[in-house]
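Structure, as structure tokens:
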Amino acid sequence: MAARLSTSAPSTLAELPEREPVRRRWFLKLVLLGMVAGLLLYHVAPRFVKLPPELLRPPEPSVELADKDGKPLRQLQVEGQRVERPLLFHDVPASLVAATVSAEDQRFWSHGGVDFLGLVRAVIDSLQAKRAVSGASTITQQLVKVARGRYTGRTWRDKVDEIFIGRKLEMSWSKERIITEYLQRVEYGNQRMGCAAAAMGYFQKPLKDLSLAESAFLAGLPQAPTRLNPYKNFEGAKKRQEWILSRMKDDGRITDEEAAHAMEEKLKLVKFTGGFEAPHFLDLLFQSPQWAGLEERHEAVKTTLDLELQHFCEQTLRTKIGRLREHQVHDGAVVVLENATGRVRALVGSPDYFDPEGGQINGATAPRSAGSTLKAFTYLMALQHGDTPATIIDDLPVEYMTPDGLYRPENYDHKSHGPVSCREALANSLNLAAVRVLQRVGGPSVLAGALEAAGITTLTEDPEHYGLGLTIGNAEVRLLELANAYATLARLGEWLPVALTEDAPLPAPVRRFEPGPCWLLADMLCDNQARVRSFGLNSSLRLPFPAAVKTGTSTDYRDNWTVGFTPEFTVAVWVGNFDRRPMAHVSGVTGAAPVWREVFTWLEKHRGVTWYATPEDITEADVDPLTGRPLPAEMAGRRPVVREKFLVDHVPSPAPGDRYDALGRVVLPRLYQRWLLGPDNWLGTAAVAGDLAGEDARTALHIISPVPGTTVLLDPDLPDHGSRLPLRARGRGTVDWHSDSLEVTSENGSSIARLRTGRHRLAATDEATGETLETWVVVRSL
């Protein structure tokens with residue numbers, strides 16, 4: 001056995017020197033083959049790789065909506081698109097490039113798409129921790145991942161593809177192009193896709209204005225946009241920024257001093273809106289014909305909105321409505337128009353868009369009862385028909401027929417104010433005077449025509465349906481349309497459509513009203529002294545600069561309004577409840593006016609306002625406030641006068657002598673006799689009622705009801721089908737009524753018209769003077 005062992009051992013040992021060189025040669029061959037294969041894979045194979053089509057075209061922007069200055073409002077995310085627009089390398093600040101490289105890929109400028117040192121480090125770290133603790137993908141590889149949209153569920157094949165495609169990019173594109181493409185495609189969180197959107201979204205800055213601290217802050221977000229969301233985890237995002245600054249210092253990209261200064265810089269993030277600015281305005285834009293075609297644009301759509309002003313209007317409305325909660329007020333809306341262009345500079349549809357109780361109702365477009373806001377157009381028609389701001393109106397009790405029966409309007413203070421000028425009647429929003437003015441200019445059809453000419457589209461019924469009540473608010477209007485109607489007044493009679501986008505073509509304005517009367521109307525609405533009777537000297541309507549303004553309050557305090565303008569802007573405010581519940585005695589001057597005042601004060605401070613120069617066809621004259629005419633020579637110095645403005649061609653002649661008695665008192669028409677003896681008489685003994693000669697004698701006959709255009713419905717459930725219409729008038733003597741188409745009878749001293757369907761004229765004749773006035777009614781069956 002020993003002999004066998006000794007003979008076999010030398011044989012094995014003798015073979016070892018011959019096999020060792022063979023193995024070494026094979027090992028060297030394998031290494032050499034691996035190196036050749038590696039070189040082929042690294043340098044040759046990528047040449048046969050096709051770049052993904054997503055990388056070959058610039059990132060298509062989603063539709064980005066911005067304000068007039070380019071500040072973002074909302075990004076409409078569309079599949080396959082990004083928000084960012086194509087950038088060039090020189091558009092990106094060097095600090096952001098350096099911060100991104102230090103954060104994501106320190107050897108970016110030296111490697112060829114694969115960082116082998118980083119790969120070895122990642123493998124060792126993972127083996128030691130027995131899990132993946134760090135990545136080794138380069139910025140080039142990350143660009144491939146981002147462009148292909150593959151963030152989760154990636155397989156090892158996907159990662160290998162990224163390596164080869166990354167090598168292809170490195171062989172095809174410059175480093176500058178690669179990092180630029182990466183920066184404009186990567187996500188920074190909160191719908192900020194790309195570095196430009198992130199700079200504007202977080203800091204309200206263009207890229208070129210970013211500081212080193214801001215660049216490092218943004219560079220840290222793509223690692224974990226959700227976890228490092230600065231609005232929810234600012235401390236985490238700040239720590240990431242400080243780490244990046246330290247790494248930039250270690251890499252030699254910044255100095256110690258620059259790093260320390262950047263770490264100490266206080267970051268001011270823009271308030272987060274979730275990319276959902278001005279929701280009611282944008283909802284309106286999306287429903288507008290102006291939106292047609294814009295959803296396919298590959299550049300930002302600039303709207304007309306002034307975002308700074310919009311934010312102020314939103315905050316002001318929320319604050320003021322909050323203070324009115326105890327008065328049962330929950331909702332409101334604000335519109336600001338730029339008069340020269342018709343562009344909407346602010347639109348707030350409700351105090352809180354996300355309020356589950358009606359927050360998404362757009363108060364700027366919802367029809368609501370107009371209150372007294374339409375009176376301005378009644379007086380405009382009077383001025384165009386030859387009246388002046390000094391024309392005296394009879395603010396006396398009046399009644400007229402409506403489809404619901406006889407209606408007796410009242411003033412807000414439940415008083416009648418007797419003889420008042422058009423200026424004071426409008427400024428104090430007197431209902432009785434407004435009804436009489438509308439009656440004298442032709443009735444509801446005249447006012448309806450004016451409102452339609454100014455762009456009001458909500459008058460869907462015949463003018464007769466509204467009757468004379470149209471002037472005191474028995475029709476509904478939309479705040480936005482009402483604002484544009486007042487903007488027509490601000491343009492001195494020229495109408496423009498509302499514009500919602502900056503690049504929308506501006507049409508030539510269309511003249512709807514005469515400029516002279518519009519100027520006079522603006523002057524009347526601007527006169528704080530004239531409105532003292534109803535509003536006092538220091539109401540919310542008084543501003544430290546000139547501005548025309550009109551308030552309105554609907555029945556039972558369900559709506560209140562304040563609308564006003566300067567040559568530059570029109571501001572309209574509505575306050576109420578979307579469910580139409582009444583407010584607790586909140587009027588236009590206490591509800592909407594404080595919001596209007598705050599907005600206009602902001603506009604004056606930040607945007608600037610002016611007032612109109614006096615046109616050449618406007619002159620001034622002293623008139624008696626109770627006649628609206630200059631004093632006759634014999635009364636000079638015996639009566640107080642006021643200074644009034646007139647169109648040159650409409651300056652009234654002096655009042656005739658019989659307008660004053662021997663004591664110098666004003667003689668008013670007989671119809672004032674009862675008022676002069678009543679509790680509402682504010683003139684004392686300064687006026688008497690008497691018989692007037694000449695043109696003023698015509699006022700002795702006055703038709704009380706029916707007023708022109710009254711609509712009466714015959715109801716079969718009423719006695720005689722409701723066909724008996726009382727006819728009422730005042731004159732110096734007995735008033736005789738007659739009609740060519742209706743039977744008129746006398747019952748207990750009162751005249752009664754027997755109605756039948758159709759349109760009928762009625763005439764009243766004063767037997768003492770022979771004067772005749774006509775009115776007309778429309779009779780319909782239910």
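The values are calculated or read from the model by the stated rules, or taken from the named source; none is laboratory data. If you're wondering where the values come from, they're calculated on a predicted model, not measured in any experiment. Counting neighbours? That spans all protein chains shown, and the Cβs are built from the backbone with ideal geometry, glycine included. Note: areas computed on protein heavy atoms with side chains; ligands, DNA, RNA excluded. Shrake-Rupley method; radii C 1.70, N 1.55, O 1.52, S 1.80 Å.
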Notebook entry, point to check: If you rank Val688, Val571 by how much accessible surface each has, with a 1.4 Å probe, what is the order from largest down?
Noted result: Val688, Val571
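Rounded to two decimals, what ratio of Rg to Rh does segment 633-726 give with C-alpha atoms and a Kirkwood Rh? Before the final figure, lay out each step's value.
Values: Rg = 20.1 Å, Rh = 17.2 Å.
Ratio of gyration radius to Kirkwood radius for segment 633-726: 1.17.
How much net charge surrounds Gly664 when only the other residues with a Cβ under 10 Å from the Cβ of Gly664 are counted, with Lys and Arg +1 and Asp and Glu -1? Present the calculation step by step, with values, prior to reporting the outcome.
Working: positive: Arg638, Arg639, Arg665; negative: Glu634, Asp661.
Around Gly664, the charge tally is +1.
Taking R0 as 51 Å, what FRET efficiency do you get between Asp69 and Ala662 from their Cβ-Cβ distance, rounded to the nearest 0.05?
For R0 = 51 Å, the calculated efficiency reads 0.15.
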Next item on the list: Would you work out the charge dipole size for segment 261-356 about its Cα centre, treating the Cβ of every Lys and Arg as +1 and the Cβ of every Asp and Glu as -1, and quote it to the nearest 20 debye?
Entry: 280
Next item on the list: Name the aspartates and glutamates eligible as straight-distance cross-link partners of Lys208: C-alpha to C-alpha under 12 Å, and not fewer than 8 places from it in the same chain.
Entry: Asp91
Notebook entry, point to check: Any idea how far apart Phe276 and Arg761 come out in nm if each label point goes 7 Å out from Cα toward Cβ?
Noted result: 6.2
Note to self: Residue by residue through segment 546-553, what is 3J(HN,Hα) from phi via Karplus (6.51 cos²θ - 1.76 cosθ + 1.60, θ = phi - 60°)? Round to whole Hz and write x for glycine and proline.
What the structure shows: x, 7, 7, 7, 9, 9, x, 9
Notebook entry, point to check: If r is the Cβ-Cβ distance from Asp579 to Asp649 and R0 is 41 Å, what FRET efficiency results, to the nearest 0.05?
Noted result: 0.20
Next item on the list: Could I have the simple spin-label model distance between Glu399 and Arg674, label points 7 Å from Cα toward Cβ, reported in nm to one decimal?
Entry: 0.9
Checklist line | Label point distance in nm, His606-Glu743, each placed 7 Å from Cα along Cα→Cβ | finding: 7.1
Margin query: For q values of 0.22 Å⁻¹, compute log₁₀ I(q)/I(0) with the Debye formula on a Cα-only model of segment 382-482, without solvent.
Written below: -1.24
Next item on the list: Enter the accessible area of Asp579 (Å², nearest 10), with the probe set to 1.4 Å and all protein chains included.
Entry: 90
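Quick one: length gained pulling Thr255 to Ser750 fully straight, 0.36 nm per residue minus the C-alpha distance?
So the chain would gain 168.0 nm between Thr255 and Ser750.
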Checklist line | Lys/Arg +1, Asp/Glu -1 at C-beta; segment 298-441 dipole; positive extreme among Val335, Gly359, Gln384 | finding: Gln384
Next item on the list: Pull up the cross-link candidates among the aspartates and glutamates for Lys320, meaning alpha carbon to alpha carbon under 16 Å and not fewer than 8 places away within one chain.
Entry: Asp331, Asp352, Asp559, Glu598
Next item on the list: Please arrange His280, His311 by accessible surface area, largest first, computed with a 1.4 Å probe and ligands excluded.
Entry: His311, His280
Notebook entry, point to check: Extension gain Arg177-Tyr412, at 0.36 nm per residue separation less the Cα-Cα distance, in nm?
Noted result: 77.4 nm
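Between Ala636 and Glu616, what FRET efficiency follows from the Cβ-Cβ distance if R0 is 22 Å, with the result rounded to 0.05? Don't skip to the end; give the middle numbers.
On the way: r = 28 Å, r/R0 = 1.29.
So, using R0 = 22 Å, E works out to roughly 0.20.
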Next item on the list: Calculate the length of the line joining the C-alpha centroid of segment 637-686 to that of segment 196-254, in whole Å.
Entry: 76
Next item on the list: Select from Gly690, His760, Pro719 the residue farthest towards the positive end of the dipole of segment 669-782; place +1 on Cβ of Lys and Arg, -1 on Cβ of Asp and Glu, and compute about the Cα centre.
Entry: Pro719
Check: How much length is gained if the chain between Leu76 and Thr458 is pulled fully straight, taking 0.36 nm per residue apart and subtracting their Cα-Cα distance, in nm to one decimal?
Finding: 134.3 nm
